[in-house]
Amino acid sequence: MTAAAVPATSPASTGEQPGVRLARSRRNAELSLLLLAMVLVAAYSATVEATALDTVTPDFWIPTAALGLVFLGLHLVIRWLAPFADPALLPAVALLNGIGVGFLRRYDLAQAAPADREHLAIFAGTGGRQLAWTLAAVMLAAGLLVIMRDHRSLSRYAYTLGLAGIVLVMIPAVLPARFSEINNAKLWIRIGGFSIQPGEFAKLALLTFFAYYLVRKREVLSLASRRVLGIDFPRGRDLGPVLVVWIISLLVLVFEKDLGTSLLYFGMFVVTLYIATERVSWLLIGLILFFGGAYLAYVLGSTVGGPFANFYLRAEIWLDPFGDPYDKGYQLVQGLLTLGTGGLFGAGPGGGQPTLLPEVQTDFIFAGIGEEIGLFGLSALLVVYLLIVERGLRAALAVRDSFGKLLAGGLAFTLGLQVFVIVGGISKLIPLTGQTTPFLSAGGSSLMANWLLIAVLLRVSDGARRPVTPGGPAVRPSGGPPEQLHGAPTEVIRP
């Protein structure tokens, strides 16, 4: 006589939904990494005060605690609404954001009189404002996750977002200089003491439209007319969209006097086009058009001046910054000297002289931090940025719909391109562009736009990592559009 077989315990018998255990483990990993990031930020803040003040004030931990609480709130929102999202994105961005707030407070300490430094209020100065902007930006990202339960719902508003993006780009160009120009670049809307940079939000709106448009036109844009050196080039009639975006980028360069924004818009469109069609020829055409346009602007700036004069001046400074090191080339020269002073290991957090570097709180914050943490420290920060970009691209590869692939791939590339443009500018690899370093530089517009970018990547990665139930379709969030049959595999069953 044998004992009755005991049925194996299954998730269904225990009441556990498919993938719940996997989601819980990822969120726990995210929480552990987030705590580690906050420990590093607290250590950085304490070291800054120990070096700059020769003591550590009893309140040094308050900014880190405030950041930790708001990041913990976002973690709880992700645990609730996007349980399968990538667990590395939030901790990596929180680390960068925390280091940025810590350095900006260090900049406030350097600006304050020696007698007032120990009593500097936590929420005072540039660092205090950046802390407040961080709280607002993270709340905005959480709100987007609450509203957008499925990334595919963005495709419903693609044309509206595209139009909004164009309007946001054009507003600073048409406004008088007193309402839009800072440091010879017309990128702002300034009303009284309030200012906003609409181009930061325009890049998200335009990229959503690019992803939707290229999904619909992918087959046409993939057609080849002739093969040259093993590369298939598109038909001439299909160059229209690229030429239109190229012209818009040149108009941004001319009327807003900003090379970085022009490069960012054109670059994200060409790369999204490459992701959609997988044709290297589009990258070659994009590079030829951009560098050709930049060279044309340089030649016209040297001859006729006018709207091209600012770009010509930036190019001349890039070619020979030491030709006028005390006037036109002063900022770039100081940035190079600051990086050189930092060496391999840096002067230590709080040991540099950030007040000697113009715009160290915005355009040149990477150089200011580099003076204190050295080449090794900057390399570590670049690795964190690389991790964020890699995770975004991984989400793009794993997500099941074409719109999500283009959206996540374009967002990840845009973040990487912006970091390249900034680091290339301060290291004299390319001309200075005036872009802000994501999550590090002072400024509410950049911080909020980039946190929205991360929120979209979290939503896409949640859809990409959501497991497939045995014998059924993938478990997906509610509130999105219905599944499309286009492109679904089919099978013919013969009787």
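The values are calculated or read from the model by the stated rules, or taken from the named source; none is laboratory data. Everything quoted here is computed from the prediction, not taken from an experiment. Heads up, the Cβs are rebuilt from the backbone with ideal geometry, glycines too, and the neighbour counts pull from every protein chain shown.
Within the stretch 8-43, if we keep just the residues that are hydrophobic (A, V, I, L, M, F, W, C) and modelled with pLDDT under 85, the residue that is nearest to Leu109 (Cα to Cα) turns out to be Ala23.
Is it the case, given these coordinates, that Ala395 is surrounded by 20 or more Cβ atoms within 10 Å (Cβ to Cβ) and within 16 Å of Ala88 (Cα to Cα)? Judged against the criteria, Ala395 is a match. The numbered conditions (1) over 28 Å from Lys328 (Cα atoms); (2) modelled with pLDDT under 95; (3) surrounded by 17 or more Cβ atoms within 10 Å (Cβ to Cβ); (4) not hydrophobic (A, V, I, L, M, F, W, C) are all true for Asp108 except (1).
Considering Thr338, Thr414, Thr362, the condition of being buried (at least 23 other Cβ atoms within 10 Å of the Cβ) and closer than 27 Å to Leu135 by Cβ is satisfied by Thr414 alone. A count restricted to the stretch 377-429 and to residues that are part of a helix (DSSP H, G or I) and among the basic types (Lys, Arg) stands at 3. Among the residues of the stretch 268-321, those that are assigned to a loop (DSSP other than H, G, I, E, B) and either under 18 Å from Leu332 (Cβ atoms) or touching a residue at least 40 places away in the same chain (Cβ under 8 Å) (or both) comprise Glu278, Arg279, Asp320. Checked across the stretch 394-406, the condition of being of a type outside the set (S, T, N, Q) and over 28 Å from Arg24 (Cβ atoms) holds for at least one residue.
Yes or no, residue by residue, for (1) acidic (Asp, Glu); (2) surrounded by fewer than 23 Cβ atoms within 10 Å (Cβ to Cβ):
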{"site": "Ile62", "(1), (2)": "no, yes"}
{"site": "Leu67", "(1), (2)": "no, no"}
{"site": "Arg79", "(1), (2)": "no, yes"}
{"site": "Asp86", "(1), (2)": "yes, no"}
{"site": "Ile99", "(1), (2)": "no, no"}
{"site": "Met148", "(1), (2)": "no, yes"}
{"site": "Ala164", "(1), (2)": "no, yes"}
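Of the helices (runs of 4 or more DSSP H) that lie entirely inside the stretch 113-223, those containing 3 or more residues that are small (Gly, Ala, Ser) span 125-147, 158-174, 198-221.
The conditions of being in a helix (DSSP H, G or I) and either without any contact (Cβ under 8 Å) to a residue 60 or more places away in the chain or closer than 29 Å to Arg314 by Cα (or both) are met by Ile369.
In summary, Ala46 fulfils each of the numbered conditions (1) among the hydrophobic types (A, V, I, L, M, F, W, C); (2) modelled with pLDDT under 90; (3) surrounded by 16 or more Cβ atoms within 10 Å (Cβ to Cβ) with the single exception of condition (2).
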